[in-house]
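Okay, so here's the structure we're looking at.
The values are calculated or read from the model by the stated rules, or taken from the named source; none is laboratory data. These numbers were taken from a predicted model, which means no experiment stands behind them. All Cβ positions, even for glycine, are placed from backbone atoms using ideal geometry, and neighbour counts span all protein chains on display.
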Amino acid sequence: MRKDRHLGFYITNIGLTVLFLAPFYWALISSLKPYNEILKYPPSFFPAHISIESYKDLFTAGEGVFVFFAKNSLIVSTLTIFVICLISIPAGYAFSKLKFRGINILFLAVLSIIMVPFQALLIPLYTLIHQMKLLDTHLALILIYSTFFMPFGVFMMRNSFDSIPNSIRESALIDGASELKVMIQIFLPLAWPGIITTIIYIFMQSWNDFIIALIFTSSKSAITLQVGLMNFATTRFYMNWGMINAGSVITMLPILILFIILQKYFIKGMLAGAIKE
Amino acid sequence: MTKNKSILGRLLFDRFHLLERPLFKNNLMNIKIENRRLQSFIFLLPVMLFAIIFFFIPFIKVVYMSFFKGAILGESVFVSLDNYKVLLEDAGFWRAMGNTLIYTIIVTPIIFIPAVFLAVLLNKKIKGVKFFRAIYFLPVTISFVVASYIWNWIYSDIYGILNYLLRSLHIINNPILFFGSTWLARFSVSIMVGWKTIGFSMLIILAGLQGIQQILYEAASIDGANQWQKFKFITLPLLRPTLTFALIISVAGSFQAFDHFYIMTGGGPARSTETIIMYLQKIGFEYYKLNYAAAISVIFLILLLFISVLQFWAGRFNE
């Protein structure tokens with residue numbers, strides 16, 4: 001009887017699941033077909049022969065420049081995560097435990113970063129980065145991403161630290177520990193879910209960014225996967241659907257894997273980022 | 001003892017109360033409080049540096065730049081409101097504004113109606129709910145670039161799976177060019193954005209739904225209300241703040257649309273899907289009219305600031 005009541009639920013959801021996953025499936029399958037089969041009409045729903053020629057071509061094109069794209073994305077994203085954690089953990093700690101008169105103004109300052117769309121600041125940022133001679137470098141992207149994604153980290157850390165009772169800190173201070181020590185050795189381990197959520201969010205934002213990378217990079221020394229994929233798809237691999245799908249699969253793989261393992265943190269992070277404001 | 005004190009000692013004792021106060025302890029506390037402020041400052045310094053150098057200064061600079069001309073040549077000339085006057089007459093700018101607005105109007109219900117439906121559907125404690133939530137959220141995690149290419153392939157007129165399915169079901173006879181006409185292009189992109197964003201809005205609405213107490217539904221049941229009535233008289237009114245909030249986030253996001261139009265339509269048939277940010281990028285980074293682009297940026301800023309303020313104001317209802 002109970003099963004009957006939920007049958008409608010399961011049927012609807014399974015149907016919707018198929019619809020939502022279909023594009024992923026289709027891209028994956030298309031990337032694994034040999035070239036003559038991709039363009040076959042009617043299209044096959046499962047490859048007659050599984051082939052990785054698209055991937056081979058993707059990675060060997062232009063003397064392996066796609067690997068550079070991947071390398072750049074990886075370097076920029078991980079360093080951005082590192083920088084943001086480095087600066088936002090102490091800041092979150094200060095906002096949570098080291099309050100002083102006037103700290104709210106600083107908090108408002110950090111808050112205002114999310115209220116303003118970064119696209120409006122691309123022009124002055126471009127002239128600034130140009131003056132700093134940092135155009136087309138990893139550093140440029142890291143600095144910009146760090147600025148605009150850091151507020152999320154600050155809020156996450158502040159909230160995480162808020163939930164740790166002050167008494168722990170006070171007793172540690174009485175025992176002679178410095179604030180730095182308290183933060184690193186006591187609060188940090190207790191706040192690791194918040195840190196993981198921050199890391200995931202920052203990785204997602206920096207890995208998936210397109211417009212900032214587009215504007216501030218121009219050569220293979222800094223072009224990221226998103227821009228590189230677009231480059232390939234509009235120039236040398238225009239309408240090469242096998243390669244485009246393969247590139248798409250590679251580009252979305254890291255974040256998908258991360259999501260499958262750590263969905264709890266993704267969803268928590270999304271809600272926190274949106275609602276806590 | 002007072003008798004033996006010197007005049008100096010007397011002074012110290014009576015006028016300055018130096019021997020009465022625990023002098024040393026007070027100083028230590030003062031040092032401690034000063035220290036804490038300094039410490040807090042040091043902890044906040046890196047964040048503040050980033051904020052100042054890469055946010056506040058550029059913020060001021062973009063406004064400043066909008067009143068000049070000729071930045072790329074190295075000699076900026078002050079022209080006060082000239083850029084804005086030109087902007088008022090700029091057909092390309094207004095077209096971009098219109099495109100962005102139309103796109104927002106199309107895409108928002110495409111995102112919202114399914115999102116509400118899914119949130120209600122998944123607001124249950126049935127086994128597997130968490131799995132389904134994750135599935136619908138999955139497209140949110142990938143980039144717009146990848147999503148655009150995945151859907152470009154689906155929409156392809158000759159090789160695309162969608163055209164194939166429509167033709168084999170005899171719904172159409174000839175392949176549809178999904179980006180061939182202005183309105184169709186807008187819808188095609190909107191469907192992709194819907195697929196990609198529904199999960200996100202769904203989560204926000206779900207959170208809002210979970211804030212509504214079950215007792216209300218139970219009381220309504222006792223009064224004989226059916227599903228639809230419960231939805232209309234309990235769910236919707238109580239969900240209004242959450243919906244408003246989610247709506248504003250969605251609208252703000254739609255106004256910033258760039259990636260997907262850049263890749264799927266490149267501005268669309270006859271520039272009908274060129275959004276504000278696409279226009280900004282073209283003026284600033286393809287034509288290098290930096291000052292003019294700065295003026296566009298400022299207008300865009302004002303526009304979104306307005307939406308942000310609405311978001312904050314509406315968010316207060318959540319308390």
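Observations, loosely collected:
- Cross-chain or 6+ apart pairs with Cβ under 6 Å, region B:116-138 first and within 7 Å of chain A (Cβ to nearest Cβ) and surrounded by 14 or more Cβ atoms within 10 Å (Cβ to Cβ), then in a loop (DSSP other than H, G, I, E, B) and of a type in the set (S, T, N, Q): none
- Which numbered condition B:PHE144 misses (of (1) under 25 Å from A:SER44 (Cα atoms); (2) facing chain A (nearest Cβ under 10 Å)): (1)
- Number of the exception - A:LEU7 against (1) surrounded by 22 or more Cβ atoms within 10 Å (Cβ to Cβ); (2) more than 10 Å from chain B (Cβ to nearest Cβ): (1)
- Any hit, region A:254-277, residues being over 14 Å from the mean Cα position of the chain (by Cα) and crowded, with 24+ Cβ neighbours inside 10 Å: no
- Conditions (1) more than 8 Å from chain A (Cβ to nearest Cβ); (2) more than 18 Å from B:TYR279 (Cα to Cα); (3) at pLDDT 95 or above; number of the one not met by B:THR104: (2)
- Options B:ILE205, B:ILE249: the member that is at the interface with chain A (Cβ under 10 Å from one of its Cβ atoms) and either buried (at least 17 other Cβ atoms within 10 Å of the Cβ) or of a type in the set (Ser, Thr, Tyr) (or both): B:ILE249
- If you filter region B:44-100 down to residues that are farther than 30 Å from A:LYS97 by Cα and of a type in the set (Val, Ile, Thr), you find that the one that is surrounded by the most Cβ atoms within 10 Å (Cβ to Cβ) is B:VAL62.
- Selection of region A:184-230 for residues being within 13 Å of chain B (Cβ to nearest Cβ), closer than 16 Å to A:PHE68 by Cβ and not in a helix (DSSP H, G or I) yields A:THR217, A:SER218, A:ILE223, A:THR224.
- With respect to (1) assigned to a helix (DSSP H, G or I); (2) within 11 Å of chain B (Cβ to nearest Cβ), the lone exception for A:VAL67 is condition (2).
- The one condition in (1) in a helix (DSSP H, G or I); (2) closer than 30 Å to B:ASN291 by Cα; (3) over 27 Å from the mean Cα position of the chain (by Cα); (4) free of Cβ contacts under 8 Å to residues at least 60 places away in the same chain that B:LEU101 fails to fulfil: (3)
- Among the residues listed as A:ILE186, A:ILE244, the single one being surrounded by fewer than 18 Cβ atoms within 10 Å (Cβ to Cβ) and farther than 30 Å from A:LEU134 by Cβ: A:ILE186
- Some residue of region A:71-93 being over 30 Å from B:PHE43 (Cα atoms) and either surrounded by fewer than 18 Cβ atoms within 10 Å (Cβ to Cβ) or among the β-branched types (Val, Ile, Thr) (or both): yes
- Checking each residue in region B:158-184 for being part of a helix (DSSP H, G or I) and surrounded by 22 or more Cβ atoms within 10 Å (Cβ to Cβ) picks out only B:ASN163.
- Members of region A:149-182 that are facing another protein chain (nearest Cβ under 10 Å) and buried (at least 24 other Cβ atoms within 10 Å of the Cβ): A:MET150, A:PRO151, A:GLY153, A:VAL154
- A single entry from B:SER76, B:SER80 fulfils the requirement of being more than 20 Å from B:LYS282 (Cβ to Cβ) and away from every other protein chain (no Cβ under 14 Å): B:SER80.
- Figure legend. Inter-residue proximity from region A:98-119: first residues facing chain B (nearest Cβ under 7 Å), second residues part of a loop (DSSP other than H, G, I, E, B), beta-carbon distance below 8 Å, spacing 6+ or different chains. Indicated pairs: A:PRO117/B:GLN256; A:GLN119/B:GLN256; A:GLN119/B:PHE258.
- Index of the failed condition, B:PHE306 passing every other in (1) more than 16 Å from B:GLY92 (Cα to Cα); (2) at pLDDT 90 or above; (3) among the aromatic types (Phe, Trp, Tyr): (2)
- Search result, residues across region A:191-206 that are farther than 15 Å from A:MET150 by Cα and either free of Cβ contacts under 8 Å to residues at least 40 places away in the same chain or surrounded by 24 or more Cβ atoms within 10 Å (Cβ to Cβ) (or both): A:ALA191, A:TRP192
- For B:GLY267, the criteria (1) facing chain A (nearest Cβ under 9 Å); (2) under 24 Å from B:TYR149 (Cα atoms); (3) not aliphatic (A, V, I, L, M) hold in every case but one, which is (1).
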